[in-house]
1. Only one of (1) under 30 Å from Leu154 (Cβ atoms); (2) crowded, with 21+ Cβ neighbours inside 10 Å is not met by Leu6, so which one is it?
2. Among what's in the stretch 121-168 and is touching a residue at least 24 places away in the same chain (Cβ under 8 Å) and hydroxyl-bearing (Ser, Thr, Tyr), pick the residue that is farthest from His44 (Cα to Cα).
3. Taking Ala164, is it among the small types (Gly, Ala, Ser) and in contact with a Ser or Thr (Cβ under 7 Å, 6 or more places away or on another chain)?
4. Quick test for you: out of Phe39, Phe43, Phe80, Phe58, pick the one residue that is over 21 Å from Gly135 (Cα atoms) and of a type in the set (A, V, I, L, M, F, W, C).
5. Against the condition part of a helix (DSSP H, G or I), touching a residue at least 12 places away in the same chain (Cβ under 8 Å) and farther than 17 Å from Phe119 by Cα, how does Ala54 come out, does it pass?
6. Can you tell me which residue in the stretch 86-120 is farthest from the chain's Cα centre (by Cα), limited to those that are touching a residue at least 60 places away in the same chain (Cβ under 8 Å) and either under 22 Å from Phe158 (Cβ atoms) or surrounded by fewer than 14 Cβ atoms within 10 Å (Cβ to Cβ) (or both)?
7. Any residue in the stretch 63-78 that is under 15 Å from the mean Cα position of the chain (by Cα) and among the hydroxyl-bearing types (Ser, Thr, Tyr)?
8. Taking the stretch 39-59, which residues are in contact with an Asp or Glu (Cβ under 7 Å, 6 or more places away or on another chain) and surrounded by fewer than 22 Cβ atoms within 10 Å (Cβ to Cβ)?
Amino acid sequence: MLSEKLQNELNTQMNSEFFAEYEYLSMAAYFHSMNLDGFANYFHVQSQEEHFHAMKIFHFILDKGGKADLQQIAKPNTEFKSPLSVFETALEHEKKVTKAINKLMDEAISENDHAVNSFLRWYIDEQVEEESLAGKALAKMQIIKGQGEGLLILDQEFAQRTFAPPKE
């Protein structure tokens with residue numbers, strides 16, 4: 001059984017993951033509107049990953065006999081200054097998620113909840129990958145200053161990205 005505090009924090013994280021799904025879909029829509037389908041694909045994949053993350057928490061809460069508490073999802077930002085700013089926003093979002101997961105892990109450790117601790121290790125490892133991916137994409141965008149021929153080359157690169165749910 002989950003403690004009330006851990007259940008609440010897991011639900012908060014689950015709902016944050018659902019919001020991130022919407023946020024990344026909004027970013028995908030921004031790039032679709034610019035006919036940069038590869039960039040749109042990059043953020044569609046991000047959106048799918050966030051949905052997977054949310055559902056993983058959803059099922060964990062239920063498996064532990066808890067209550068999954070779905071909250072209203074806030075409207076994501078739909079206006080962006082530039083393609084570069086989208087990637088800056090994405091990296092900042094991933095850093096925020098890392099802090100939240102670490103806070104959740106701290107609570108699991110303080111409550112000596114080994115099951116939650118074990119479950120969250122996957123998220124901690126995943127966040128290393130997420131921040132690295134976002135950081136590398138941002139670095140590429142900074143090199144090309146978010147424009148020109150480089151933008152078209154990155155569009156082709158990002159078009160190759162696919163989502164495959166991790167095997168557990």
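1. Among (1) under 30 Å from Leu154 (Cβ atoms); (2) crowded, with 21+ Cβ neighbours inside 10 Å, the lone unmet condition for Leu6 is (1).
2. Result: Tyr123.
3. No.
4. Phe58
5. Answer is no for this residue.
6. My answer is Lys103.
7. no
8. Answer for the stretch 39-59, where residues must be in contact with an Asp or Glu (Cβ under 7 Å, 6 or more places away or on another chain) and surrounded by fewer than 22 Cβ atoms within 10 Å (Cβ to Cβ): Ser47, His51, Ala54.
Read-outs throughout are calculated quantities, based only on the coordinates presented, and are distinct from any laboratory measurement. Small disclaimer: the values here were computed from a predicted structure and weren't measured. No Cβ is skipped: glycine too gets one built from the backbone with ideal geometry, and neighbour counts run over all protein chains shown.
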